[in-house]
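Contents: one structure, followed by commentary.
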Amino acid sequence: MAARITQALIALLVLTPASALAQDQRPNTVPPETCPAKTPPPAGMEAWSQPAPLAAALAETGLDQAALKPGHAVAARFAPVAQVKYRVPPEKADGPATYGGLYRLTITEPGVYRVASSAAPWMDVFAPGSTAPTRSAHFGHGPACTGIGKMVEFALQPGDYLLQFSESLTADPEIMVVKTGG
């Protein structure tokens with residue numbers, strides 16, 4: 001009996017395309033959801049359902065046209081990562097055919113801010129003038145069936161921050177920043 005199970009497992013591995021196995025191991029994939037209906041976003045994220053289009057900047061010189069505002073959702077437009085001039089090379093930006101971009105985020109009140117995305121891109125947040133990414137306070141998946149694939153929280157002080165996105169499998173994720181705590 002054990003020999004048959006072993007043979008069946010070997011056959012399954014041999015017959016499974018390598019690309020399917022590799023895709024499951026990618027760090028920025030969001031598991032597919034099987035939802036009978038879309039669930040409303042969490043409290044404080046109601047604007048998630050009405051994103052406004054906003055293209056990402058390809059370099060910091062374009063950040064005036066790519067500003068995120070807490071409480072507002074955007075339908076982002078990323079570019080291939082090879083076209084983006086990052087302040088610091090992202091820790092995760094080496095995937096083939098992935099997308100990314102830059103956004104400015106102005107914080108006026110100190111607190112914990114959540115950056116949510118429908119995809120699961122790598123996110124780096126830089127304090128004004130810094131070349132070291134801000135450490136995240138918490139990260140995880142979004143609530144099931146909301147369309148939120150990834151949420152990362154950062155403790156931020158007032159100032160203009162640089163958000164670097166990379167390693168996204170889609171060029172057009174939704175993004176939203178909300179204040180979650182003081």
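Quick notes on this structure:
- Condition met for Ala75 (in contact with a strand residue (DSSP E or B) (Cβ under 8 Å, 6 or more places away or on another chain) and under 16 Å from Val152 (Cβ atoms)): no
- Checking each residue in region 29-86 for being on the phi > 0 side of the Ramachandran plot and either within 17 Å of the chain's Cα centre (by Cα) or among the hydrophobic types (A, V, I, L, M, F, W, C) (or both) picks out only Gly71.
- Tally of residues being over 20 Å from Ile107 (Cα atoms) and touching a helix residue (DSSP H, G or I) at 6+ places or on another chain (Cβ under 8 Å) across region 159-173: 2
- Filtered residue count, region 64-86, keeping only those that are assigned to a helix (DSSP H, G or I), closer than 16 Å to Ser166 by Cα and in contact (Cβ under 8 Å) with a residue 40 or more places away in the chain: 1
- Some residue of region 28-46 being part of a loop (DSSP other than H, G, I, E, B), over 20 Å from Thr98 (Cα atoms) and modelled with pLDDT of 95 or more: no
- Residue match in region 119-135 (condition: within 15 Å of Ala73 (Cβ to Cβ), out of contact with any Phe, Trp or Tyr (no Cβ under 6 Å at 6 or more places or on another chain), of a type outside the set (A, V, I, L, M) and touching a residue at least 60 places away in the same chain (Cβ under 8 Å)): no
- Count of residues meeting criterion [within 19 Å of Ala66 (Cβ to Cβ), assigned to a strand (DSSP E or B) and not hydroxyl-bearing (Ser, Thr, Tyr)] in region 105-143: 10
- Among the residues making up region 144-161, those that are surrounded by 14 or more Cβ atoms within 10 Å (Cβ to Cβ) and in a loop (DSSP other than H, G, I, E, B) are Cys145, Thr146, Gly147, Ile148, Gly149.
- Scan of region 47-63 for residues that are part of a strand (DSSP E or B) and surrounded by 14 or more Cβ atoms within 10 Å (Cβ to Cβ), ordered by number: Leu54, Ala55, Ala57
- Given (1) of a type in the set (S, T, N, Q); (2) surrounded by fewer than 16 Cβ atoms within 10 Å (Cβ to Cβ); (3) within 20 Å of Tyr103 (Cα to Cα); (4) modelled with pLDDT under 50, index of the condition Gln25 fails: (3)
- Condition met for Glu167 (of a type in the set (Asp, Glu) and within 26 Å of Pro42 (Cβ to Cβ)): yes
- Summed over region 134-143, the residues that are in contact with a strand residue (DSSP E or B) (Cβ under 7 Å, 6 or more places away or on another chain), surrounded by fewer than 20 Cβ atoms within 10 Å (Cβ to Cβ) and under 23 Å from Ser49 (Cβ atoms) give a count of 3.
The values are calculated or read from the model by the stated rules, or taken from the named source; none is laboratory data. Since the model is a prediction, treat every value here as computed from it, not as a measurement. Cβ atoms come from the backbone with ideal geometry, glycine included; neighbour counts cover every protein chain shown.
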